[in-house]
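A.B. asks: One structure is given below, represented as structure tokens, and several questions about it will come after.
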Amino acid sequence: MNLETPLLIDGAWRAGTHAQRSTVRDPATGASLGVLTLASEADMALALAAAQRGFEVWRKTSAYDRAKILVRAADLLRERAETIAQLITKEQGKPLAEARMEAGGAGDHVDWYAEEGRRAYGRLIPPRQRGARQIVQREPVGPVAAFSPWNFPVSQLVRKIAGALAAGCSIIAKGPEETPSSCIEMCRAFQDAGVPNGALNLLFGVPAEVSSYLIQSDVIRKVSFTGSVPVGRALGALAAQHLKRCTLELGGHAPFIVCDDADVAAAAALGAGLKFRNAGQVCASPTRFFVQSGVYEAFVDAFVNHSARLAVGAGHDAATQMGPLANARRVDAMSAFVEDARECGATVRTGGARVGGTDGFYFQPTVLTDVPDAARVMRDEPFGPIAAVARFDTLEEVIARANALPYGLAAFAFTSSIAAATRLADDLECGMVSINHFGLAAPETPFGGWKDSGYGSEGGSEGLDAYLQPKFVSQIGV
Ligand code: NAD
């Protein structure tokens, strides 16, 4: 993969001309995989001009023709899924089986947006005057600046690209410098499918430089960011200052509630599967496990049993069930969370330490029990392989504790009572609730958070709306 020429500007692959470069590392060993060139201001200026020209062409392309190109891109993504999956694992570290699911699902997102773009219906409003026509048409908002992170290099970025293109917007995407190659290969599929020059541009750079340069530009009409709360807050403030529409998909701290009447075995198996997927580096990962007193011991035993047996290793090793963390910073963060929880009185039931020597960024799948709500791991997003388990007695109490944090992205609950399920669905303050199964992140369903977890949705018809703006036309025959 060519890290030398990673920028896609106006249909051509180019080297970044920034004086700084970024080393891409294999998280399984810490070794360098190559050096990525980065975008300078001159490169970004070219991308902005290209996005402006690309928008003029793409917005005038019919929704029917845009959809045909996007469906072709979806097919190419499926054809190239194995190559893309290998690149994800190499640079991001997740087990190949997970990377295959991520790469294999990209085409589905594109297909869904391609179809939805053909249904960007407006409406007719009954006029007060006979012969008049009052029309609401929905038009693309304009060139988009999109910023996506390293944890799902393909599935985070594909939603932004497909949503923007389906709506008729052009896009400048800043991909993650830690995991660039799968993003490059994905953009190549859109280009090969016939997306016109300038409609899709890809940059890598110094993140703060790229975001401040692009968001302040008059060319950009919409900002979409996925990442941490502090960075989202900063980019949201900049977008507001320049009156740019904005979608923010930020961190979470999902409660996983297991009631006395739940299928405990199913909850423990699914909870462990979800918790340690991508080594916990998932914004919707369950993090606070609230278990009702009657099933507390049974759940903990089953959950620890699943967690302790997970095979940790390099993502390309077929036996691996959990890979390394993205970088050394995340490993240090996990050690600090465990130490703090211990000091607060929690018990480490399994894991709690880094794995191996100095090579690779590994941390054990970790289950902490009897964790007080005051522990840092119950308040700050761990974004790693740590499950914090705590006891609860009543539904009122657990809803209040689940809602106590500023985060509001995902929540999970297990109960066999329809009344409890309805109460939880109604009263949990978050953008997505999944009850008795995992039901998040399909292309046709909205994905997004409340409170500090951000605003706006990706996926679902809401995902397309984010790239459209209404125009009211009133006309009368003369
Ligand atoms: P970070 O806050 O440094 O970076 C998060 C992401 O934002 C990275 O992709 C980074 O390149 C980008 N970024 C940072 N500063 C930016 C700026 N000024 N402009 C544009 N983009 C910028 O954190 P990190 O150590 O890389 O990741 C850990 C934290 O990030 C976690 O605690 C988690 O909350 C968050 N995160 C969230 C998601 C998500 O899916 N919502 C994904 C990745 C990381």
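A.B. asks: Hey, got the Cα dimensions of segment 384-478 along the principal axes, in Å, largest first?
C.D. replies: Largest first, segment 384-478 extends 72, 33, 24 Å along its Cα principal axes.
A.B. asks: Turning to a different aspect of this structure: How much accessible area per residue does the chain have, counting only protein heavy atoms and a probe of 1.4 Å, in square angstrom?
C.D. replies: 39 Å²
A.B. asks: Turning to a different aspect of this structure: Which loop trypsin sites (Lys or Arg not before Pro) in segment 47-84, with loop taken from DSSP, have no more than 14 other Cβ atoms within 10 angstrom of their Cβ?
C.D. replies: When the trypsin sites (Lys or Arg not before Pro) of segment 47-84 are filtered for loop state and at most 14 Cβ neighbours within 10 Å, K60 remain.
A.B. asks: Using the 2.2 N^0.38 Å rule of thumb for compact globular proteins, work out how segment 254-442 stacks up: its C-alpha Rg over that value, please.
C.D. replies: This ratio for segment 254-442 stands at 0.97.
A.B. asks: Roll a 1.4 angstrom probe over the protein heavy atoms and tell me the percent of accessible area of the chain that is carbon or sulfur.
C.D. replies: So the carbon and sulfur contribution to the accessible surface is 52 percent.
A.B. asks: For Cα pairs less than 8 Å apart in space and 6+ apart in sequence, what is the mean separation divided by the residue count of the chain, i.e. the relative contact order in percent?
C.D. replies: This gives 18 percent for the chain.
A.B. asks: Please compute the contact order of segment 118-170 in relative form: average sequence separation of alpha-carbon pairs under 8 Å and at least six residues apart, divided by the residue count, as a percent.
C.D. replies: 32 percent
A.B. asks: May I pose another question? Measure of size requested: the Rg and Dmax of segment 4-49, with Cα atoms as the atom set and Å as the unit; please supply both.
C.D. replies: Here Rg and the maximum Cα pair distance are 12.5, 40 Å.
A.B. asks: While we're on this one: In degrees, nearest 10, range 0 to 90: what is the angle between the Cα axis of helix 418-427 and the longest Cα principal axis of the chain?
C.D. replies: For helix 418-427, the angle is close to 60 degrees.
A.B. asks: Cα centroid distance between segment 412-464 and segment 22-44, in Å?
C.D. replies: That distance is 36 Å.
A.B. asks: Compare the peptides 412-424, 151-163 by average per-residue count of other Cβ atoms within 10 angstrom and give them in order, highest first.
C.D. replies: So the order, starting with the most tightly packed, is 151-163, 412-424.
A.B. asks: Still on this structure, I have one more. P(r) for the chain: what percent of alpha-carbon pairs falls in each 20 Å bin, starting at zero?
C.D. replies: 24, 54, 21, 2, 0
A.B. asks: In addition: Counting only helical runs of four or more DSSP H residues, what would the 222 nm mean residue ellipticity of the chain come to if each run contributes -39,500 (n - 2.57) and the total is spread over all its residues?
C.D. replies: -12500 deg cm²/dmol
A.B. asks: Tell me, what does the Kirkwood hydrodynamic radius of segment 294-340 come to in angstroms if you use every pair of distinct C-alpha atoms?
C.D. replies: 12.9 Å
A.B. asks: Efficiency by 1/(1 + (r/R0)^6): what FRET value for A400 and V478, r their Cβ-Cβ distance, R0 = 56 Å, to the nearest 0.05?
C.D. replies: In this case the efficiency is close to 0.30.
A.B. asks: In nm, what is the difference between 0.36 nm times the number of residues separating R130 and E209 and their Cα-Cα distance?
C.D. replies: The R130-E209 span can extend by a further 23.0 nm.
A.B. asks: Here's another thing I want to ask about it. Report the relative contact order of segment 254-442, percent, no decimals, based on alpha-carbon pairs under 8 angstrom and at least 6 residues apart.
C.D. replies: Once normalised by length, the contact order is 27 percent.
A.B. asks: If you filter segment 1-92 for chymotrypsin sites (Phe, Trp or Tyr not before Pro), then keep DSSP loop positions with at most 13 other Cβ within 10 Å, what is left?
C.D. replies: Qualifying residues, ordered by number: none.
A.B. asks: Using unit Cβ charges (K, R positive; D, E negative) and no other charged atoms, how large, in debye to the nearest 20, is the dipole of the chain about its Cα centre?
C.D. replies: 1700 debye
A.B. asks: As I understand it, the dipole of the chain uses +1 on the Cβ of Lys and Arg and -1 on the Cβ of Asp and Glu, about the Cα centre. Which of L165, A267, W58 lies farthest toward its positive end?
C.D. replies: W58
A.B. asks: Sort 28-40, 128-140 by the packing proxy (mean of other Cβ within 10 Å over each peptide's residues), most packed first.
C.D. replies: The densest-packed peptide leads the list: 28-40, 128-140.
The values are calculated or read from the model by the stated rules, or taken from the named source; none is laboratory data. Predicted, not measured: the structure shown is a model, and the values here were computed from it. Methodologically, a virtual Cβ is constructed for each residue, glycine included, from the backbone with ideal geometry; neighbour enumeration extends over all protein chains shown. Note: areas computed on protein heavy atoms with side chains; ligands, DNA, RNA excluded. Shrake-Rupley method; radii C 1.70, N 1.55, O 1.52, S 1.80 Å.
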